[in-house]
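Read through the structure below, which is laid out as structure tokens, and then see the notes.
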Amino acid sequence: MATAPTAEAVYIELWTSFASLLQCYSAAHGLNRDIQATVEVSSECIVLRCRNRWLEISHQGSKGTSQREDGSGGTFDLQLDGRVAINDGCNQGFEELDLVAERLAREITQ
């Protein structure tokens, strides 16, 4: 009988998926333009960079923080169902992880 994955294991998989989505959407937003974003990924941090813009997202389990080049930032909550809430003063409430990744990639590559 297989055991159910722990919440920690699910958060690790969601973090990995989020990093992959950021890489894909960043590459897509760079098509037909003279820009290329880079995505640096570790087990606890993702850094998305494009020209003079950057976004750093760090996490510990389901909770995390974000910070941008202008000093703005916020917190986020990752849910086991794959939704995330980024509380940065502009965006509040839960969204699907892929929609958040696309929005963040678009904002950084503009």
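The values are calculated or read from the model by the stated rules, or taken from the named source; none is laboratory data. As the structure is a computational prediction, the values presented were derived from the model and not from experiment. A quick note on method: Cβ atoms are made from the backbone with ideal geometry, for glycine too, and the neighbour counts reach across all protein chains shown.
Of all the residues that make up the stretch 89-110, how many are exposed (fewer than 14 other Cβ atoms within 10 Å of the Cβ), modelled with pLDDT of 90 or more and not acidic (Asp, Glu)?
2
Of all residues in the stretch 23-55, how many are touching a residue at least 12 places away in the same chain (Cβ under 8 Å), assigned to a loop (DSSP other than H, G, I, E, B) and more than 21 Å from residue 12 (Cβ to Cβ)?
Counting residues in the stretch 23-55 that are touching a residue at least 12 places away in the same chain (Cβ under 8 Å), assigned to a loop (DSSP other than H, G, I, E, B) and more than 21 Å from residue 12 (Cβ to Cβ) gives 6.
Answer with yes or no whether residue 85 is under 24 Å from residue 9 (Cα atoms) and in contact with a Phe, Trp or Tyr (Cβ under 8 Å, 6 or more places away or on another chain).
On the way: under 24 Å from residue 9 (Cα atoms): yes; in contact with a Phe, Trp or Tyr (Cβ under 8 Å, 6 or more places away or on another chain): yes.
Yes, satisfied.
So that you can scan it fast, the table gives a plain yes or no per residue for (1) under 27 Å from residue 5 (Cα atoms); (2) at pLDDT below 95; (3) touching a helix residue (DSSP H, G or I) at 6+ places or on another chain (Cβ under 7 Å):
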position: 51; (1), (2), (3): no, yes, no
position: 56; (1), (2), (3): no, no, no
position: 71; (1), (2), (3): no, yes, no
position: 77; (1), (2), (3): yes, yes, no
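Does residue 86 qualify as being surrounded by 13 or more Cβ atoms within 10 Å (Cβ to Cβ), among the β-branched types (Val, Ile, Thr) and modelled with pLDDT under 90? Let's see the steps before the verdict.
Values: surrounded by 13 or more Cβ atoms within 10 Å (Cβ to Cβ): yes; among the β-branched types (Val, Ile, Thr): yes; modelled with pLDDT under 90: yes.
Judged against the criteria, residue 86 is a match.
Read through the list (1) exposed (fewer than 15 other Cβ atoms within 10 Å of the Cβ); (2) part of a helix (DSSP H, G or I); (3) touching a residue at least 24 places away in the same chain (Cβ under 8 Å), then give the number of the only condition that residue 14 fails.
It is condition (1) that residue 14 fails.
Are any residues in the stretch 1-53 more than 21 Å from residue 82 (Cα to Cα) and among the aliphatic types (A, V, I, L, M), and if so, which ones? Break it down into steps so the answer makes sense when it comes.
Filtering the stretch 1-53 for residues more than 21 Å from residue 82 (Cα to Cα) gives 1-2, 27-38, 40, 49-53.
Scanning the stretch 1-53 gives 1, 2, 27, 28, 31, 35, 37.
Please determine, by comparing only the residues of the stretch 56-110 that are among the hydrophobic types (A, V, I, L, M, F, W, C) and part of a loop (DSSP other than H, G, I, E, B), which one is farthest from residue 27 (Cα to Cα). Outline the logic, then answer.
Of all residues in the stretch 56-110, those among the hydrophobic types (A, V, I, L, M, F, W, C) come to 57, 76, 78, 80, 84-86, 90, 94, 97, 99-101, 104-105, 108.
If we keep only those that are part of a loop (DSSP other than H, G, I, E, B) as well, we get 80, 90.
Values: 80: 27, 90: 25 Å.
Ranking the candidates gives 80 first.
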